[in-house]
Structure formats: C-alpha cells, structure tokens
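Encoded as structure tokens, the structure appears first; notes follow it.
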C-alpha cells in the first residue's frame, strides 16, 4: 500500500511503528550488552595520568561486565581528535570516551571542532576530580602568594608561567589569578605539562599552575609550592593552603575526567555504565590508586550531575576566554 498526502494518519502510524521497532531493537540489544569487547578512547598520550586513569577504568569495567575493555589512546589537538572519533562511532555501547572537561567546556570557545560537545554525546559519569598547584622555581625570592603578588606588581610582565597549552586548566588558572590579583604575567604554552615543568627545573620559567606531578620536586626543594587551586586542601600536600585561604575568596579551579558515549547509546546501557562507575569509586583500593595519581574520586557518578557540571564549566570558561581575549591562533 502506498502512503499518499491525503492519508496523514497512515504516515503518522508508519513513523510511530518505526520508532517503536527501533526502541524495541535497542531494548533487546541493551539486555544482552555487552557481548563483545568495549573500546575506551581517551585523549592522552600513553603513560600519562589520562592513560593511567583510562586503564584503571578499563580494568574495573572489564571485571564488572566480564568483557575486555580495550584502551585506545588518541592524543592531539587538545583532545579534539579523540572526541571526534568517539562522536562518530556507533551508539551501541561498545565505544566510550574518557575525556577531560576542557574538551567539552573550553575547546568550543577556542577551536574549530567537528564534534558538538552536548549534542554528539550522552553523559555517563564524572570519574575523578583534580586541582592544580601553584609552584615557583626555588631560586625566586618568593615564599608565599602575598610575596608573589607584590613581586608581580612591582615587575609587570616579567614573570613567566608555563602551561600544557592554550586553553588548558593550567593556562586558565593563570588567567583567573591575574584577574583576581591585578597582576600581569607572561603565558608560555607548551605541548604538555611535563615539558613546561622541565623548563621550570632548568630555571627557564618562573612559575606554573601545574598538576600534582610537581610534588616530588617540591619535596626535594627544586620547586616551591605556594597554594592549590581547588576549594579544599590537597590530601597529598596538607600543609599547602588553597588560594581561597590566602585571600582570593572566589578563586576555584578544578579539572575532571569524565565518561561519555556517542549520542543515541541506549539509556539502559548508560545507566549500567554509570552504576558501574559508582561501584568502582566506592572501592577503597580504587580510591587509593586515584589519590596516588594526584586526583580525588568523583563524589557523584550520575549522568545528571556530569551534564550540569559540563554546562556550568562551558558558560564559565566561555566568559573568561572572551573577557581575557584568549585566542588559540
């Protein structure tokens, strides 16, 4: 039978039937999922914190679902390469993306990206949360944040700070610091935090809002820790105050790793994955491993919490980037 323009009720019936069949097929597929290995894409080079977190997540999901979870590292372009690959994968629950909040909340304001951070993905869970630590080279005559601000104001544009790249949390931490203190620093972007830190150790950079990989160098005296960027003190460095504690009342910068799937992934699969992450984060040995990496386990593993956090970050960093005139070009 041919559906023609004079029979709209039949067209609506056909569409409804097709939708019902699609939903039924997805439900059936979800009930049997997973039946084969799962691919976990992430945006960090092998051996980095991102890679270590991805492997921890992969091991835990594999143990819970009794299927291999294969880690696929796709570094480059500030996470855009990995995000794009994940966005264009089949939404069947067999491709997941472990990314960082800048991939979703910062990249859209700075780069021409092919993926849509909100329409191409479905949120699963926040996994770990991390803050940065403000460190200076030990040869600088600066012992605390107050002295840093005074020195920077007396020497505008003379202090340099390194970051893992334009638009990174390290970079934006420095931008917020300048706005909060009325200081002028020179941003020096690198292709990763490690090269920047090595230049600090070689006295080629003055300071960084770096990751907690700096802790060993603080302990051996080659770097000096002044403050952390998050709302609470870092468990691994309890004697180092937060920037809020030393007077920057509204200052708070945290990054986080998160798990998403391509848009269209069946809701029952998303729920199972979110529950699996929650189970993982409640295990004492897993929590210990996350802390040892310089991070904290996420407090809420629900999709709704992740969606709200990404929207808030997207709005916040968009304003900072616009107000500061930051450009990736």
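The values are calculated or read from the model by the stated rules, or taken from the named source; none is laboratory data. Small disclaimer: the values here were computed from a predicted structure and weren't measured. As a convention, Cβ positions derive from the backbone with ideal geometry for all residues, glycine included, and neighbour counts pool all protein chains shown.
Observations on the structure shown:
- Apart from one condition, residue 149 fits all of (1) surrounded by fewer than 17 Cβ atoms within 10 Å (Cβ to Cβ); (2) under 22 Å from residue 237 (Cβ atoms); (3) free of Cβ contacts under 8 Å to residues at least 40 places away in the same chain; the exception is (1).
- Test: residue in the range 77-89 that is modelled with pLDDT under 95, closer than 24 Å to residue 254 by Cα and either in a strand (DSSP E or B) or touching a strand residue (DSSP E or B) at 6+ places or on another chain (Cβ under 8 Å) (or both): yes
- Positions within the range 93-107 being assigned to a loop (DSSP other than H, G, I, E, B), farther than 9 Å from residue 317 by Cβ and touching a helix residue (DSSP H, G or I) at 6+ places or on another chain (Cβ under 9 Å), in sequence order: 93
- When the range 212-225 is limited to residues that are touching a strand residue (DSSP E or B) at 6+ places or on another chain (Cβ under 7 Å) and outside any helix (DSSP H, G or I), the one that is surrounded by the fewest Cβ atoms within 10 Å (Cβ to Cβ) turns out to be 224.
- Scanning the range 95-119 for residues that are buried (at least 21 other Cβ atoms within 10 Å of the Cβ) and farther than 20 Å from residue 166 by Cβ yields 96, 97, 98.
- Counting only strands (runs of 3 or more DSSP E) that fall entirely inside the range 108-206 and contain at least 3 residues that are under 18 Å from the mean Cα position of the chain (by Cα) and in the same structural domain as residue 269 (by TED's automatic domain parsing), the qualifying elements are 121-131.
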